[in-house]
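*Asks:* Quick one: this structure, given as structure tokens, is what I'll be asking you about.
The values are calculated or read from the model by the stated rules, or taken from the named source; none is laboratory data. Since we're looking at a predicted model, the values are computed, not measured. Glycine also receives a Cβ, built like all others from the backbone with ideal geometry; neighbour counts cover every protein chain displayed.
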């Protein structure tokens, strides 16, 4: 359903809101100059809506990992709104959060509750692009907007495209394609892949492989474990390094399995002779404390680092640490930027959420300096665009950080290079629903 149609249609949800608003407006109608009833109703709805409380919905997945991605995203949202004293364009913001578990049904149930029962106009949801087609109709039929937030673990396909769906992700698939291109040009033409089925699916590995081979590289071996980085798997990886003698190893692990792999890789001595690179989640900031010196020199690609030297990132990290006592992670950043995207769009509309088409157009025009760097939204995909950084773990003043050492070029259309459908054989419980 197009946004233009929705801008002139009143759904069951908006009808309920409209009736409540007009009940007060009618009482003062005698003091207002004579206008047509249709024009009066439309103007009254917009005026009263702009002054009322703005409900901002949030869909939060459950996770057994610490820190929880959902909790971190919520901390980021709260941090940004706190800086606005809890108001956007003069409207008080009420955050309505729904826990959606770890499955598609939870995302559908949570979306219905927020949009149809709570009357929420904009939802920030940590769901993946496989789930989005299942909730798309809910947002289209009710004139609401979903800002899908995740690591970008899967390329969005036509089933998830809609005027009412925006994406604020970490471009994980595209980032690993770009890392593959860089590895072939800078580390050598013979690469090896190590990972586990517990991670973010075939798309990440497929993207790295595609970028690497497109740049003239050859994958000499792939060691994929059925469980996270156990001792036997690590031994197989190290043995293969000795046999295949690759120019580098690309690793796909996250959480504590990442630490286990990094430590074992270093103990076996392979780290000294064969460079280790990987997904950005191989070296998350909170993992580097446990990984120790074994993590030094690992390079990765991600659109952000806590050590990125920009004024916006310094303010973000300092405020986050002061508020939570912790260093922010990438999920906190996604929450922070998502809240600002909403704020920038609605401020341009003076807080008016009465017409979905206007809200959508305002979101498409959003641009600002994020902690990640310049942020814009691509009109064709309605996806956030930011710089992509090449990072290297270095110890600075006794603390291991992901030092930004350069930028990488994102492919213009990674969906043509890495087809989305056949590559997504598994999904991680850590990153998305």
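*Asks:* Hey, can you tell me all the residues within segment 99-120 that are buried (at least 19 other Cβ atoms within 10 Å of the Cβ) and either modelled with pLDDT under 95 or in a helix (DSSP H, G or I) (or both)?
*Replies:* Across segment 99-120, the qualifying residues are 100, 106, 107, 110, 111, 114, 115.
*Asks:* Would you point out the residue of segment 172-200, among those that are at pLDDT below 90 and surrounded by fewer than 24 Cβ atoms within 10 Å (Cβ to Cβ), that is nearest to residue 125 (Cα to Cα)?
*Replies:* Selected residue: 198.
*Asks:* May I ask you to list the residues in segment 381-399 that are under 18 Å from residue 170 (Cα atoms) and either free of Cβ contacts under 8 Å to residues at least 60 places away in the same chain or surrounded by 16 or more Cβ atoms within 10 Å (Cβ to Cβ) (or both)?
*Replies:* If the condition is that a residue be under 18 Å from residue 170 (Cα atoms) and either free of Cβ contacts under 8 Å to residues at least 60 places away in the same chain or surrounded by 16 or more Cβ atoms within 10 Å (Cβ to Cβ) (or both), then 382, 383, 384, 385, 386, 387, 388, 389, 390, 391, 392 are the ones that fit.
*Asks:* Go through (1) at pLDDT 85 or above; (2) more than 28 Å from residue 104 (Cα to Cα) for residue 381 and report which single condition fails.
*Replies:* The failed condition is (2).
Residues checked against (1) in the same structural domain as residue 93 (by TED's automatic domain parsing); (2) out of contact with any strand residue (DSSP E or B) (no Cβ under 7 Å at 6 or more places or on another chain); (3) buried (at least 17 other Cβ atoms within 10 Å of the Cβ); (4) under 18 Å from residue 55 (Cβ atoms):
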{"residue": "339", "(1), (2), (3), (4)": "yes, yes, yes, yes"}
{"residue": "345", "(1), (2), (3), (4)": "yes, yes, yes, yes"}
{"residue": "351", "(1), (2), (3), (4)": "yes, no, yes, yes"}
{"residue": "355", "(1), (2), (3), (4)": "yes, yes, yes, yes"}
{"residue": "363", "(1), (2), (3), (4)": "yes, no, yes, yes"}
{"residue": "368", "(1), (2), (3), (4)": "yes, no, no, no"}
{"residue": "376", "(1), (2), (3), (4)": "yes, no, no, no"}
{"residue": "379", "(1), (2), (3), (4)": "yes, yes, no, no"}
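*Asks:* Filter segment 64-86 down to residues that are in a loop (DSSP other than H, G, I, E, B) and either within 16 Å of residue 326 (Cβ to Cβ) or modelled with pLDDT of 95 or more (or both), then give me how many there are.
*Replies:* 7
*Asks:* Among 254, 305, which is the only one that is more than 19 Å from residue 403 (Cβ to Cβ), touching a residue at least 40 places away in the same chain (Cβ under 8 Å) and buried (at least 20 other Cβ atoms within 10 Å of the Cβ)?
*Replies:* Answer to the selection: 254.
*Asks:* Check 297, 292 and return the single one that is in a helix (DSSP H, G or I), in contact (Cβ under 8 Å) with a residue 40 or more places away in the chain and surrounded by fewer than 20 Cβ atoms within 10 Å (Cβ to Cβ).
*Replies:* Every option except 292 fails the conditions.
*Asks:* Which numbered condition trips up residue 308, out of (1) part of a loop (DSSP other than H, G, I, E, B); (2) touching a helix residue (DSSP H, G or I) at 6+ places or on another chain (Cβ under 7 Å)?
*Replies:* It is condition (2) that residue 308 fails.
*Asks:* Of everything in segment 312-337, what is surrounded by fewer than 24 Cβ atoms within 10 Å (Cβ to Cβ) and in a loop (DSSP other than H, G, I, E, B)? Give them in sequence order.
*Replies:* Residues satisfying the conditions are 325, 326, 327, 329.
*Asks:* Quick one: is residue 319 at pLDDT 95 or above and in contact with a strand residue (DSSP E or B) (Cβ under 9 Å, 6 or more places away or on another chain)?
*Replies:* Considered against the rule, which asks whether it is at pLDDT 95 or above and in contact with a strand residue (DSSP E or B) (Cβ under 9 Å, 6 or more places away or on another chain), residue 319 comes out as no.
*Asks:* Is it fair to say residue 372 is under 19 Å from residue 179 (Cβ atoms), in the same structural domain as residue 132 (by TED's automatic domain parsing), at pLDDT 95 or above and touching a strand residue (DSSP E or B) at 6+ places or on another chain (Cβ under 9 Å)?
*Replies:* Here the answer is yes, as residue 372 does meet what is asked.
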